[in-house]
C-alpha cells in the first residue's frame, strides 16, 4: 500500500493517553509512562531477531547474511522509512488530515476526536539523517537479587 500511494516516509507515535490511569496523569519519572511530549524509539520490524539472518544466529562478524535486496524481496521489512514523533505531534498530524473519517477502533477513547484518513490538506515534511548500517549491538541482562 505505501508504494502504491507514493508514500515515502511514515511518522510513528504512541497514544497520548498511555499515562492516564483512572483519569489521573502519571508520567515518568514518577511512573513508567512516557509523557505525551516524549518520543519512543523502537522498530517497525515485526519478526524476531535480525532480518539479515533469518533462522540462524548472527554471532560473529563473518556469519552468512542476506543482502539488503534479499531482505526487501522477502517482504518482512517496510520499504518506507519511519520516523518516531511524540504523541503530541502525532495528534497534530492526524488533525491536519481531510478525507473520510476513520473507523471507531482508531480512536484512543470514546472522547477522542474523529480522525480522518486523508489526503491533506496538511503536508508533512520529514527529515531523516541516519545511517543504513549493519552493526553489532550489545544486550546487557542483569538480575538484582534480594528483596
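Please say if segment 22-98 is rounded, prolate or oblate, where rounded means a/c under 1.5 for a ≥ b ≥ c the square roots of the C-alpha gyration tensor eigenvalues, and otherwise the choice is prolate for a/b larger than b/c and oblate otherwise?
Taking the square roots of the gyration eigenvalues as a ≥ b ≥ c, segment 22-98 is oblate.
Counting residues in the chain as N, plug N into 2.2 N^0.38 Å and put the Cα Rg over that result. Let's see the in-between values first.
On the way: Rg = 19.4 Å, N = 147, 2.2 N^0.38 = 14.7 Å.
That works out to 1.32 for the chain.
Explain nothing, just the number: relative contact order of the chain, from Cα pairs under 8 Å at least 6 residues apart, as a whole percent. List each step's numbers first, then the result.
Numbers: 151 pairs, mean separation 35.7, N = 147.
This gives 24 percent for the chain.
Just report the Cα centroid separation between segment 127-144 and segment 51-73, whole Å.
Segment 127-144 and segment 51-73 have Cα centres spaced 16 Å from each other.
What percentages, rounded to whole numbers, describe P(r) for segment 80-138 computed over all alpha carbon pairs with 10 Å bin width beginning at zero?
The percentages, shortest bin first, are 18, 40, 24, 14, 4.
At what distance in nm do the modelled label points of residue 37 and residue 92 sit from each other, each positioned 7 Å from its Cα along Cα→Cβ?
In this crude spin-label approximation the distance works out to 1.2 nm.
Each reported figure results from applying straightforward, stated rules to the coordinates on display, with no laboratory input. As the structure is a computational prediction, the values presented were derived from the model and not from experiment. Ideal geometry is used to build each Cβ from the backbone, glycine not excepted, and the neighbour counts take in all protein chains shown.
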